[in-house]
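Presented below is the structure to which this report refers.
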Amino acid sequence: MHRLRTCAARLRPITASQTARTLSQQRPAALTRTFQPNRHYTAPVAAEPFLNGTSSNYVEEMYYAWLENPKSVHKSWDIFFRNANAGAPPGTAYQSPPPLGTSLAGLSQVQSLVGAQPNVEKLVEDHLAVQSLIRAYQIRGHHVAQLDPLGIMDADLDSCVPTDIITSSDKLGFYGLDESDLDKVFRLPTTTFIGGDESALPLREIIRRLEMAYCQHIGVEFMFINDLDQCQWIRQKFERPGVMHFTLEEKRTLLARMIRSTRFEEFLQRKWSSEKRFGLEGCESLIPALKTIIDKSSENGVESVIMGMPHRGRLNVLANVIRKELEQIFCQFDSKLEAADEGSGDVKYHLGMYHRRINRVSDRNITLSLVANPSHLEAVNPVVQGKTKAEQFYCGDTDGNRVMSILLHGDAAFAGQGIVYETFHLSDLPSYTTHGTVHVVANNQIGFTTDPRMARSSPYPTDVARVVNAPIFHVNADDPEAVMYVCNVAAEWRATFHKDVVVDLVCYRRNGHNEMDEPMFTQPLMYKQIKKQKGVMQKYAEKLIAEGSVTRQEYEEEIAKYDKICEEAYTRSKDEKILHIKHWLDSPWPGLTRILKGRGEMIKNRTVDWALGEYMAFGSLLKEGIHVRLSGQDVERGTFSHRHHVLHDQNVDKRICIPMNHISPNQAPYTVCNSSLSEYGVLGFELGFAMASPNALILWEAQFGDFHNTAQCIIDQFICPGQAKWVRQNGIVLLLPHGMEGMGPEHSSARPERFLQMCNDDPDVFPKITEDFAVRQLYDCNWIVVNCSNPGNFFHVMRRQILMPFRKPLIMFTPKSLLRHPEARSSFDEMLPGTHFQRLIPDSGPAAANPAGVKRLIFCTGKIYYELTRERKARSMEDTIAICRMEQLSPFPFDLVKAETEKYPNADLVWCQEEHKNQGYYDYVKPRMRTTIDRVKPVWYAGRGPAAAPATGNKAAHQQELSRFLDNALNLDAFKDHA
């Protein structure tokens, strides 16, 4: 007692606030909770007070009061302090208060447990330390969970283990504990369920159970949620021992779903090996994940599920979740399939489906709807939410008990697309809430070719969900049972709290971005590991066979059963006609060394293709001290695997070489950088960069030209009218891949009509032609719109952009098929000193030698030139038809068009384009051509008819359209009826 009083006398001058500050210095800030001290010490105590969240300040104040007068505290505290003072081991100092009427002798016996004198301050510290340790696992245990199936990446992009997570006995010192404390028993606080029915456990077992709950194949983020009941609910779901238990029937069902998911992709790969399908390989557990969410939601009363998802795994979801007939999916691969009359159609991995069926688990009717979506990742999110809200409204579902939404995401898009954040912020607004959405992220740990370390600044792609207090369940997708468990919990969370929840399926992508892509170019180490990786279906089957849940024969019979279903559906899909599969691409891209070797051969022959022309344009500017910055999605390699400006060591991670930074000793730096999966934000960033750097060539490349529309605000508000509004010049370059090649309505058109519509030149006024006419036009325009047909001209327009004495934005429509077209080549001679950019390239063949005999002069732009010349040659019409390429559309080359029309006095005039009549260039070009010729002749149109969508998604329909308008352009009798 003397020692205790001495200690108390030493501590007494320290105030409660000082004690709190001391504790906060000793413990991580996130683990320290300060309570308002309650100075009335009469409340009954059910357990050791400080173990139930009571402030150490409160305990200390009571201890001082007890020292002065033991009767000033409740009897339970009196007993605790007496036993602790007598040396009771941790966890045993508390004794229930004696019943009324207990004699003084009996009370004395209860109080006298042991005779040693302990340090009560150390006892309190140790128990608080264990509480802090438990809280550390709850907060940060997910950082050390085994989430990557490949075992090479950290899902949180950080290999460091948090200081407060116990990975070895020497880390106990962080808490003021040591190895001798591992076998001491500590009472568990009410903020954990690891004890199950036990109220106290040895420290060693506490750590083991925390590791099992938070550091295995599931990582749980939830401690940022500010609702205690919700946190307790999640703790109970993941901490209670034995919660992840599955019946034999559940395991067999799970295996059957894994078989369907896996064998569906393998069947498509066997039948259509050269078709893009964006298969699910590497994330096959997505199918049982979705089915589990739907099963549990159906059991909870949901009657309608509305889903939105990107392209990866879409066909598999249609087949095995929505239950679209397999023959309908298979016939989509038929190149002869006719497009619907009322629309363009779309590629198969964009299409949606509506289906009502019986859910076999709940034995209830359920309607499943998968909303059709564009390639603009995450754009479908608010559409799904609006559709869900409408269905809830019209059926009177005010709480979302009957109608719900599920949104699937890719990891790069989830982090990169701002619409994700915006949609989350609608989730709890009264007029927009859908009462909880289950978000499932197929976390490939790669975005097309962009490493996640270059794609986001947050630890996880899912961190945006924290802004609305949505719990996030990370799970290793190669553990199907863990996946099934977290999906059950996610569905129950949504049903219980009617709030958003995220399931992060950490997986991999066995193939490239699509089946035609070669991922070894940019992720060699990852894909070496993937090639060694055993499939999740096989691993799970071996696990069940080893534990006796299924036999190998049953497993093989289940595979054969589903394979038969696929084969029979394939036969029906032919509909008794011969099915000729026309491959969209002949073969995967060639190897990288082959690309570099090919460039070397071209240099020997003094010719360049598009990629080499770009390389030489940038290189020549760098050598002249001009900084070049190229940014966008996958620009380092190039969307079409053509650029390869960053070379990756095939054996050493993150070891790269950028050859263009090693051209000459005094060159300017070259910056080429894969961006996050954002257009709006990234284009705005590059625009600002260009504003600050007038002497640098700043380029932003869209992955496909179509994708600039999600950055339309930047284009409309800043780039197009920037000089007029703010008298501020800007030389930013937009590279927009464009061309109609049968790739559907969202991978074809960069919408040239939009840019041309916003050009500020007058179509009805023929300008005064002066010696400096071309330069004056550039100075007066609001931006420049160009569509080059050869790499030499592209080389010159890139250089002109920075060598002009002023700055104008350049809208550059770049090719796709011309990147490797054998005729789309230029000679070194076209890029030597004295050569320049050609605004218009006239015909230089037999027609030009005898212009009086030419019957038709066709103007065009871009890649359609090569299709026209091929067809003209096939028809032996090279003497009678001249073809002229308009490389610069705006400012319009009035002077050059006038010269060409006057050169062929007997020719009728045709504008030919591959775009639809209400799109492309026709509405811009026609009035200017008419002004040029004083309207003495009509300007006929050859091209596709008007349409709502930019292109068909059907290959056969595309080819028919092309043949039709080429015939129109070259048929000399085509327009006589209209003359």
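The values are calculated or read from the model by the stated rules, or taken from the named source; none is laboratory data. Every value quoted in this text rests on a predicted model; they were computed, and no experiment measured them. Cβ coordinates were reconstructed from backbone atoms using ideal geometry, including for glycine residues, and neighbour counts include every protein chain displayed.
Might you check whether a residue that is in contact (Cβ under 8 Å) with a residue 24 or more places away in the chain and out of contact with any helix residue (DSSP H, G or I) (no Cβ under 7 Å at 6 or more places or on another chain) occurs anywhere in region 707-714?
Yes, the conditions are met somewhere in region 707-714.
If you check Arg885, Arg928, which single one turns out to be crowded, with 19+ Cβ neighbours inside 10 Å and within 17 Å of Ala848 (Cβ to Cβ)?
Arg885
If you scan region 530-553, which residues turn out to be assigned to a helix (DSSP H, G or I) and buried (at least 17 other Cβ atoms within 10 Å of the Cβ)?
Scanning region 530-553 gives Ile530, Val536, Met537, Tyr540, Ala541, Leu544.
Consider only pairs whose beta carbons are under 8 Å apart and that are at least six residues apart or on different chains; among these, list those whose first residue lies in region 839-867 and is polar (S, T, N, Q) and whose second residue is part of a strand (DSSP E or B).
Pairs that qualify, where the first residue is polar (S, T, N, Q) and the partner is part of a strand (DSSP E or B), are Thr861/Arg885; Thr861/Met886; Thr861/Leu889; Thr861/Gln913.
Please go through (1) touching a Lys or Arg at 6+ places or on another chain (Cβ under 6 Å); (2) more than 22 Å from Cys283 (Cβ to Cβ); (3) modelled with pLDDT under 85 for Thr367 and return the number of the only condition it doesn't satisfy.
Going through the list (1) touching a Lys or Arg at 6+ places or on another chain (Cβ under 6 Å); (2) more than 22 Å from Cys283 (Cβ to Cβ); (3) modelled with pLDDT under 85, Thr367 breaks only (3).
Go through (1) closer than 30 Å to Leu778 by Cβ; (2) free of Cβ contacts under 8 Å to residues at least 60 places away in the same chain; (3) of a type in the set (Ser, Thr, Tyr) and name the single condition Ser876 misses.
Among (1) closer than 30 Å to Leu778 by Cβ; (2) free of Cβ contacts under 8 Å to residues at least 60 places away in the same chain; (3) of a type in the set (Ser, Thr, Tyr), the lone unmet condition for Ser876 is (1).
If you scan region 237-249, which residues turn out to be exposed (fewer than 14 other Cβ atoms within 10 Å of the Cβ) and in a helix (DSSP H, G or I)?
Leu248, Glu249
How many residues does region 905-935 contain that are touching a residue at least 40 places away in the same chain (Cβ under 8 Å) and touching a strand residue (DSSP E or B) at 6+ places or on another chain (Cβ under 6 Å)?
Qualifying residue count for the region: 11.
Looking at region 270-286, which of its residues are in a helix (DSSP H, G or I) and in contact with a helix residue (DSSP H, G or I) (Cβ under 8 Å, 6 or more places away or on another chain)?
Lys271, Leu286
Which condition from (1) farther than 17 Å from His311 by Cα; (2) buried (at least 19 other Cβ atoms within 10 Å of the Cβ); (3) not acidic (Asp, Glu) is the one that Thr398 breaks?
(2)
Return yes or no: is Pro938 touching a strand residue (DSSP E or B) at 6+ places or on another chain (Cβ under 9 Å), surrounded by fewer than 20 Cβ atoms within 10 Å (Cβ to Cβ) and not assigned by TED's automatic domain parsing to the domain that holds Met740?
yes
Considering only helices (runs of 4 or more DSSP H) fully contained in region 376-431, which possess at least 2 residues that are within 12 Å of the chain's Cα centre (by Cα)?
411-416, 418-424
Among the numbered criteria (1) modelled with pLDDT of 95 or more; (2) within 33 Å of the chain's Cα centre (by Cα); (3) exposed (fewer than 15 other Cβ atoms within 10 Å of the Cβ), which single criterion is violated by Ile234?
(3)
In region 215-223, is there at least one residue being of a type outside the set (Gly, Ala, Ser) and farther than 26 Å from His143 by Cα?
Within region 215-223, not a single residue is of a type outside the set (Gly, Ala, Ser) and farther than 26 Å from His143 by Cα.
Got a sec? Which of Met812, Met798 is in contact (Cβ under 8 Å) with a residue 24 or more places away in the chain, in a helix (DSSP H, G or I) and either in the same structural domain as His747 (by TED's automatic domain parsing) or buried (at least 17 other Cβ atoms within 10 Å of the Cβ) (or both)?
Selected residue: Met798, the only one of Met812, Met798 that is in contact (Cβ under 8 Å) with a residue 24 or more places away in the chain, in a helix (DSSP H, G or I) and either in the same structural domain as His747 (by TED's automatic domain parsing) or buried (at least 17 other Cβ atoms within 10 Å of the Cβ) (or both).
Among the candidates Asp706, Asp716, Asp649, single out the residue that is in contact with a Lys or Arg (Cβ under 8 Å, 6 or more places away or on another chain) and surrounded by fewer than 17 Cβ atoms within 10 Å (Cβ to Cβ).
That would be Asp649, the only listed residue that is in contact with a Lys or Arg (Cβ under 8 Å, 6 or more places away or on another chain) and surrounded by fewer than 17 Cβ atoms within 10 Å (Cβ to Cβ).
Checking Phe224 against (1) in a loop (DSSP other than H, G, I, E, B); (2) surrounded by 17 or more Cβ atoms within 10 Å (Cβ to Cβ), which test does it fail?
Unmet for Phe224, out of (1) in a loop (DSSP other than H, G, I, E, B); (2) surrounded by 17 or more Cβ atoms within 10 Å (Cβ to Cβ): (2).
Filter region 106-151 down to the residues that are at pLDDT below 70 and not in a helix (DSSP H, G or I) and list them by number.
Within region 106-151, Ser112, Leu113, Val114, Gly115, Ala116, Gln117, Pro118, Asn119 qualify.
Being touching a helix residue (DSSP H, G or I) at 6+ places or on another chain (Cβ under 8 Å) and either basic (Lys, Arg) or at pLDDT below 90 (or both) is the filter here; which residues of region 952-979 pass it?
Residues satisfying the conditions are Thr952, Gly953, Ala974.
Those residues that are crowded, with 21+ Cβ neighbours inside 10 Å and either among the charged types (D, E, K, R) or under 48 Å from the mean Cα position of the chain (by Cα) (or both), I need them from region 869-882; list them, please.
Once the filter is applied, which keeps residues that are crowded, with 21+ Cβ neighbours inside 10 Å and either among the charged types (D, E, K, R) or under 48 Å from the mean Cα position of the chain (by Cα) (or both), region 869-882 yields Arg872, Ala882.
Given Phe267, Phe186, which one is in the same structural domain as Pro288 (by TED's automatic domain parsing), hydrophobic (A, V, I, L, M, F, W, C) and touching a helix residue (DSSP H, G or I) at 6+ places or on another chain (Cβ under 6 Å)?
The match here is Phe267.
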